[in-house]
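Enquirer: Please see the structure below; I have some questions.
The values are calculated or read from the model by the stated rules, or taken from the named source; none is laboratory data. Because the structure is predicted, anything quoted here is derived from the model rather than measured. Note that each Cβ is placed from the backbone with ideal geometry, even for glycine, and that neighbours are counted across all protein chains shown. Accessible surface is based on the protein model in full, side chains and every heavy atom, while ligands, DNA and RNA are left aside. Shrake-Rupley method; radii C 1.70, N 1.55, O 1.52, S 1.80 Å.
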Amino acid sequence: MYMRARLILFLGLFTIISYGNIHAQVTIEQIDKILATTVDYYDTCGNDSVYYQKIDSLENLLNEYIENNPISERYLVAIGKYAKEIAPKDYSKAIRLLKENIEQCEAHNYNHALSLSMHSLGSIYADNKENHKAIEIFIQTVNMFKDLEDWPAYAYCLIDIGNIYLRGEFYDRSFDYYNQALAVFKEHFNEKGYNAGAAVCYQNIGIVNERIGEYELALEFYKKSLNSRIASEQFNNLSYAYSYIADVYYELQLFDSTEYYLLKSVEVDKKINITDKLLDSYRRLGDFKQKQGYNEESLIYYLECYRISKQAKNNFQLVISENNLGRVYFSLNKLDSAILYLKSSYDKSIEIEFLEYTESSAEYLIMLYENMGDYESAIPYYQKLLEIKDYKIQNSIVRTALQFEIKERKEEKQLFENKNKRHKEVSSAMIAIIALIVIVLILLLLSRKKVKKQSIQIEKSLCDLQIANTHLNRTYSIIAHDLKGPIGSSIELINNLNIKEIDSKEREHYFSAIKNTLSNSYDLMISLLAWSRVQEGKFPYTPSNIDLSQILDNTLNLVSEIAKKKSITISNSLTDKCIIYADINMATTIVNNLLINAIKYTHNGGEIKLNTKINNDYCSFTVEDDGVGMSSEQLNDLFKRDKYDIRRGTNDEKGSGLGLKLVYEFIKLNKGNIQVISKEGNGSRFVVDFLTKK
């Protein structure tokens, strides 16, 4: 508190001096000093209201300086640093300032300022996940730093490039750049400087090993990073090392060690009293407890985050804390509290333009209201999601065309409701489906990577992009044909109901056709939405102990009518009672899709056998049918991202190819396994291994 009071007092004195002495000449030394204190304040207290007041004061100083002085290299360096500081709040302005700054640097031949400004531009692109832009800038910049013999900037820029490759899962290349950086630190730095740089490199090499499942190696490098931080007296960053070590112990399911290192992280952050780091440590503890299923305990840590954020008047951290509290209360089925915190997080995130959490809070509020059956209250949040996606994809031609089409469909619905109120329920369902289609398409568009013509030769892999494009083209095709066609047909049927004189039997036939069409379209749309969320890593994962037989009973109730129409017998001979540890929504989707798949490809009068068996730490769930089976080629391509099995069922049922893709992704997320045995003409057997209860 004493440190914070001093910083606020400093800001007040600075404001009085700068406004009380209007005619005092601003010097570049003053600007450099204020920049340094602003950055230090951010590192200590985060981006709260005081920080943004400092930023505004800094902008005034820069403007006053350039009115009375010619452009200098130090001034352009300061502008570059200022632009980087404002990027989280005003991305467009930061990019514009840096591009103008780069032009000025080139015009005046200021190579040092040029290299630093370009690096700031690359960093902003990287923070905004525009990886292809970031890496182009970084590769140019790293060579400039080397030519200027600016070894610290050169080494850390190598790390930046490694981080981009790490994000893209090009692990060999990220290893290469981290090792290059290590060599630079060793050759050009003293012992303390070497340890400071090595700590970062060891930490990132640990991350790579953790990503590829080499947990023992990851642990070794994380502990090297911890020792290097201690040797270089980087006490402010010790909590990072403890947190990464905790992550590995969690993957190794050594939960006592996980909790020990997370508590160590909190302990050191309490000592150094850096608000953002302490909040991060408490939040990690809350996340850990929630993953373990201890929602009540996770609330303790999330509430502490909330208290600290509120006390510090840090709205960014407050938004995150309220979002976490809302999610936990949702899991605990305390819906009033969940709504309270999620709405508060949503409103504050809009106010401070924190789009990531506006989106997250809106998504959870939609799920919450839909679970309550209050679809009307969910509509404003759908509209906000639409605005956010629209902002991100920026006037996409595809989206513009879709909006026009959706508008027409809504107008048709409204006209129909005015003419025939008796069909209000059907029309409302249509509107809801169309609105959900918009969200699905936007989520899919977000996952597309824009490929730009390369101006310099850099190492990029086109293979992953081609797979992603194949996936997106396939999903767009599904929307264009499998969704648009049935919905258009339903509209035509509804119009016929309104304008034709038809008897009750024919009317019943119309309603049955509309219901079936909308139901099938809705199921496909839900699969598309789930698939998109999985691809973006946004599907909520909340594991707990679940009775598999209850999930199976619920699913059988849903699919029994479909099986009955094909005279298919489902033999449910569960030999072992299985309590599994999984996310209930994902487990339900897995079981449902496997049964639907079996029914689709089983002949009329066929049989499907279900069974469970306890095997060490796993419960094996088997779905076996005597249907059409699969060829060796189909079996080999079954779970490949760029391959889609769109064979029709034995009764000509349509397939999108997404069902088994979701099964495979959800099994991976729940740390399970799947085995498929099939021969063309002799049926298929799917065996899923779920983790047993914790």
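Enquirer: If only one of E322, E297 is within 30 Å of N670 (Cβ to Cβ), in a helix (DSSP H, G or I), over 23 Å from the mean Cα position of the chain (by Cα) and among the charged types (D, E, K, R), which one is it? Even if it seems obvious, please write down each step before you answer.
Expert: Working: E322 fails: over 23 Å from the mean Cα position of the chain (by Cα).
E297 is the lone residue from the list that is within 30 Å of N670 (Cβ to Cβ), in a helix (DSSP H, G or I), over 23 Å from the mean Cα position of the chain (by Cα) and among the charged types (D, E, K, R).
Enquirer: State yes or no: is K54 open to solvent by less than 20 Å² (accessible area, probe 1.4 Å), at pLDDT below 85, of a type in the set (D, E, K, R) and assigned to a helix (DSSP H, G or I)? Break it down into steps so the answer makes sense when it comes.
Expert: Numbers: open to solvent by less than 20 Å² (accessible area, probe 1.4 Å): yes; at pLDDT below 85: yes; of a type in the set (D, E, K, R): yes; assigned to a helix (DSSP H, G or I): yes.
Yes; evaluated as a whole, the condition is true for this residue.
Enquirer: Please verify whether the stretch 327-347 includes one or more residues that are on the phi > 0 side of the Ramachandran plot and more than 18 Å from the chain's Cα centre (by Cα). Steps first, please.
Expert: Initially, the stretch 327-347 is screened for residues on the phi > 0 side of the Ramachandran plot, giving 333.
Remaining after also requiring more than 18 Å from the chain's Cα centre (by Cα): 333.
The answer is yes; a qualifying residue exists.
Enquirer: Quick check on the stretch 626-644: of everything there that is under 23 Å from L610 (Cα atoms), of a type outside the set (G, A, S) and assigned to a loop (DSSP other than H, G, I, E, B), which residue is modelled with the lowest pLDDT?
Expert: The qualifying residue modelled with the lowest pLDDT is F639.
Enquirer: Taking the stretch 133-168, which residues are among the small types (G, A, S), closer than 19 Å to V208 by Cα and either in contact with a Pro (Cβ under 9 Å, 6 or more places away or on another chain) or assigned to a helix (DSSP H, G or I) (or both)? Walk me through it before giving the result.
Expert: Step one: list which residues in the stretch 133-168 are among the small types (G, A, S), which gives 134, 153, 155, 162, 168.
Checking which are closer than 19 Å to V208 by Cα leaves us with 155, 162, 168.
Within the stretch 133-168, A155, G162 qualify.
Enquirer: Another one. Given the conditions (1) open to solvent by less than 20 Å² (accessible area, probe 1.4 Å); (2) small (G, A, S); (3) over 16 Å from T692 (Cα atoms), which single one is not true for A587?
Expert: The one condition A587 does not meet is (3).
Enquirer: Please identify the pairs in which a residue from the stretch 300-317 that is under 20 Å from L355 (Cα atoms) and touching a residue at least 40 places away in the same chain (Cβ under 8 Å) has its Cβ atom under 6 Å from the Cβ atom of a residue that is open to solvent by 10 Å² or more (accessible area, probe 1.4 Å) and β-branched (V, I, T), counting only partners at least 6 apart or on another chain.
Expert: That search, which allows pairs on different chains as well, returns N315/I352.
Enquirer: So in the stretch 285-333, with the set limited to residues that are open to solvent by 10 Å² or more (accessible area, probe 1.4 Å) and among the aromatic types (F, W, Y), which one is modelled with the lowest pLDDT?
Expert: F316
Enquirer: Could you grab the pairs with beta carbons closer than 9 Å, sequence gap of 6+ or different chains, first residue in the stretch 652-677 and of a type in the set (S, T, N, Q), second one in a loop (DSSP other than H, G, I, E, B)?
Expert: As it stands, the answer is S656/Y644; S656/I646; N670/Y541, since those pairs meet every condition given.
Enquirer: Going by the structure shown, is S239 within 22 Å of the chain's Cα centre (by Cα) and in contact (Cβ under 8 Å) with a residue 40 or more places away in the chain?
Expert: Details: within 22 Å of the chain's Cα centre (by Cα): no; in contact (Cβ under 8 Å) with a residue 40 or more places away in the chain: yes.
No.
Enquirer: Tell me the residue from Y260, Y282, Y242 that is open to solvent by 40 Å² or more (accessible area, probe 1.4 Å), among the hydroxyl-bearing types (S, T, Y) and assigned to a helix (DSSP H, G or I), please. Spell out the reasoning first.
Expert: Details: Y282 fails: open to solvent by 40 Å² or more (accessible area, probe 1.4 Å); Y242 fails: open to solvent by 40 Å² or more (accessible area, probe 1.4 Å).
Only one candidate qualifies: Y260.
Enquirer: Looking at the stretch 263-275, which of its residues are at negative phi, surrounded by fewer than 21 Cβ atoms within 10 Å (Cβ to Cβ) and not aliphatic (A, V, I, L, M)?
Expert: Within the stretch 263-275, K264, E267, K270, K271, T275 meet the criteria.
Enquirer: If a residue has to be closer than 19 Å to D652 by Cβ and surrounded by fewer than 21 Cβ atoms within 10 Å (Cβ to Cβ) to count, how many in the stretch 627-641 make the cut?
Expert: 3
Enquirer: With the structure loaded, tell me whether T575 is closer than 30 Å to G293 by Cα, open to solvent by less than 70 Å² (accessible area, probe 1.4 Å), modelled with pLDDT under 80 and not aromatic (F, W, Y) or whether it fails that test. Write out each step before concluding.
Expert: Values: closer than 30 Å to G293 by Cα: yes; open to solvent by less than 70 Å² (accessible area, probe 1.4 Å): no; modelled with pLDDT under 80: yes; not aromatic (F, W, Y): yes.
The answer is no for T575.
Enquirer: Among residues belonging to the stretch 104-132 that are more than 18 Å from K81 (Cα to Cα) and not in a helix (DSSP H, G or I), point out the one that is nearest to the chain's Cα centre (by Cα). Break it down stepwise before answering.
Expert: The first filter runs over the stretch 104-132 and keeps only residues more than 18 Å from K81 (Cα to Cα), leaving 107-109, 129-132.
Of the ones still in play, those that are also not in a helix (DSSP H, G or I) are 109, 129-130.
On the way: N109: 41, K129: 11, E130: 14 Å.
Going through the qualifying residues, I end up with K129.
Enquirer: Another question, if that's okay. How many of the residues making up the stretch 82-94 are of a type in the set (S, T, Y), open to solvent by 20 Å² or more (accessible area, probe 1.4 Å) and either without any contact (Cβ under 8 Å) to a residue 24 or more places away in the chain or closer than 17 Å to I28 by Cα (or both)? Steps first, answer last, please.
Expert: So the first thing to find is which residues in the stretch 82-94 are of a type in the set (S, T, Y), and the list is 82, 91-92.
In the following step, the residues that additionally are open to solvent by 20 Å² or more (accessible area, probe 1.4 Å) were identified as 91-92.
Now narrow it down to the ones that are either without any contact (Cβ under 8 Å) to a residue 24 or more places away in the chain or closer than 17 Å to I28 by Cα (or both): 92.
The qualifying residues number 1.
Enquirer: Assuming K694 fulfils every condition listed in (1) modelled with pLDDT under 80; (2) surrounded by fewer than 19 Cβ atoms within 10 Å (Cβ to Cβ); (3) under 17 Å from A598 (Cβ atoms) apart from one, which condition is it?
Expert: Every condition holds for K694 apart from (3).
Enquirer: Suppose we keep only residues that are open to solvent by 60 Å² or more (accessible area, probe 1.4 Å) and touching a residue at least 40 places away in the same chain (Cβ under 8 Å) within the stretch 203-214. Which one would you say is nearest to D160 (Cα to Cα)?
Expert: As a first pass, look at the stretch 203-214 and keep what is open to solvent by 60 Å² or more (accessible area, probe 1.4 Å): 211-212, 214.
Next cut, touching a residue at least 40 places away in the same chain (Cβ under 8 Å) only: 211-212.
Working: R211: 18, I212: 20 Å.
Once the filter is applied, the top-ranked residue is R211.
Enquirer: Scan the stretch 564-593 and report the pairs whose first residue is within 24 Å of K661 (Cα to Cα) and whose second residue is surrounded by fewer than 17 Cβ atoms within 10 Å (Cβ to Cβ) and basic (K, R), with Cβ atoms within less than 6 Å and a gap of 6+ or a chain change.
Expert: Y581/K693; Y581/K694
Enquirer: A further question on this structure: Given the criterion hydrophobic (A, V, I, L, M, F, W, C), free of Cβ contacts under 8 Å to residues at least 24 places away in the same chain and under 29 Å from Y581 (Cα atoms), identify the matching residue among L254, L335, L262. Quick ask: steps written out before the conclusion?
Expert: Working: L335 fails: free of Cβ contacts under 8 Å to residues at least 24 places away in the same chain; L262 fails: free of Cβ contacts under 8 Å to residues at least 24 places away in the same chain.
Result: L254 is the single residue among L254, L335, L262 that is hydrophobic (A, V, I, L, M, F, W, C), free of Cβ contacts under 8 Å to residues at least 24 places away in the same chain and under 29 Å from Y581 (Cα atoms).
Enquirer: Exactly one condition in (1) out of contact with any Cys (no Cβ under 9 Å at 6 or more places or on another chain); (2) open to solvent by 20 Å² or more (accessible area, probe 1.4 Å) is false for N670; which is it?
Expert: Among (1) out of contact with any Cys (no Cβ under 9 Å at 6 or more places or on another chain); (2) open to solvent by 20 Å² or more (accessible area, probe 1.4 Å), N670 violates only (2).
Enquirer: Could I ask something else about it? Please pick out the residue among G213, G197 that is not β-branched (V, I, T) and not in a helix (DSSP H, G or I).
Expert: Numbers: G197 fails: not in a helix (DSSP H, G or I).
The conditions single out G213.
Enquirer: Let me ask something additional. Kindly indicate whether E233 is open to solvent by 10 Å² or more (accessible area, probe 1.4 Å) and at pLDDT below 90.
Expert: Details: open to solvent by 10 Å² or more (accessible area, probe 1.4 Å): yes; at pLDDT below 90: yes.
For E233, the condition - open to solvent by 10 Å² or more (accessible area, probe 1.4 Å) and at pLDDT below 90 - is met.
Enquirer: Turning to a different aspect of this structure: Taking the stretch 652-691, which residues are assigned to a loop (DSSP other than H, G, I, E, B) and either among the small types (G, A, S) or modelled with pLDDT under 85 (or both)? Even if it seems obvious, please write down each step before you answer.
Expert: First, the residues of the stretch 652-691 that are assigned to a loop (DSSP other than H, G, I, E, B): 652-658, 670-672, 679-683.
D652, E653, K654, G655, S656, G657, L658, G672, G681, G683 - these are the residues of the stretch 652-691 that are assigned to a loop (DSSP other than H, G, I, E, B) and either among the small types (G, A, S) or modelled with pLDDT under 85 (or both).
Enquirer: Checking the condition aliphatic (A, V, I, L, M), surrounded by fewer than 20 Cβ atoms within 10 Å (Cβ to Cβ) and more than 14 Å from Y244 (Cα to Cα), which residue from L182, L158, L148, L217 passes? Lay out the reasoning, then the answer.
Expert: On the way: L182 fails: surrounded by fewer than 20 Cβ atoms within 10 Å (Cβ to Cβ); L158 fails: surrounded by fewer than 20 Cβ atoms within 10 Å (Cβ to Cβ); L217 fails: more than 14 Å from Y244 (Cα to Cα).
Selected residue: L148, the only one of L182, L158, L148, L217 that is aliphatic (A, V, I, L, M), surrounded by fewer than 20 Cβ atoms within 10 Å (Cβ to Cβ) and more than 14 Å from Y244 (Cα to Cα).
Enquirer: OK, next. Quick one: E149 ticks every box in (1) acidic (D, E); (2) modelled with pLDDT of 90 or more; (3) touching a helix residue (DSSP H, G or I) at 6+ places or on another chain (Cβ under 8 Å) bar one, so which box is it?
Expert: Just one mismatch for E149, condition (3).
Enquirer: Right, next: Filter the stretch 590-618 down to the residues that are part of a loop (DSSP other than H, G, I, E, B) and farther than 21 Å from A563 by Cα, then identify the one that is least open to solvent (accessible area, probe 1.4 Å).
Expert: First, the residues of the stretch 590-618 that are part of a loop (DSSP other than H, G, I, E, B): 601-606, 616-617.
Narrowing further to those that are farther than 21 Å from A563 by Cα: 616-617.
Values: N616: 135, D617: 102 Å².
For the stretch 590-618, the residue satisfying everything is D617.
Enquirer: Right, L97: crowded, with 17+ Cβ neighbours inside 10 Å and farther than 23 Å from R167 by Cβ or not? Spell out how you get there, then give the answer.
Expert: Working: crowded, with 17+ Cβ neighbours inside 10 Å: yes; farther than 23 Å from R167 by Cβ: yes.
So L97 passes the test.
Enquirer: Is there any pair with a first residue in the stretch 65-81 that is open to solvent by 90 Å² or more (accessible area, probe 1.4 Å) and a second that is at pLDDT 90 or above and of a type in the set (S, T, Y) whose Cβ atoms are under 8 Å apart and which are 6 or more apart or on different chains, and what are they?
Expert: Between residues of the stretch 65-81 that are open to solvent by 90 Å² or more (accessible area, probe 1.4 Å) and residues that are at pLDDT 90 or above and of a type in the set (S, T, Y), the close pairs are K81/S120.
Enquirer: Any idea which of K654, K661 is open to solvent by less than 30 Å² (accessible area, probe 1.4 Å), basic (K, R) and farther than 23 Å from D553 by Cβ? Talk me through it step by step, then tell me what you get.
Expert: Numbers: K654 fails: open to solvent by less than 30 Å² (accessible area, probe 1.4 Å).
Result of the check over K654, K661: K661.
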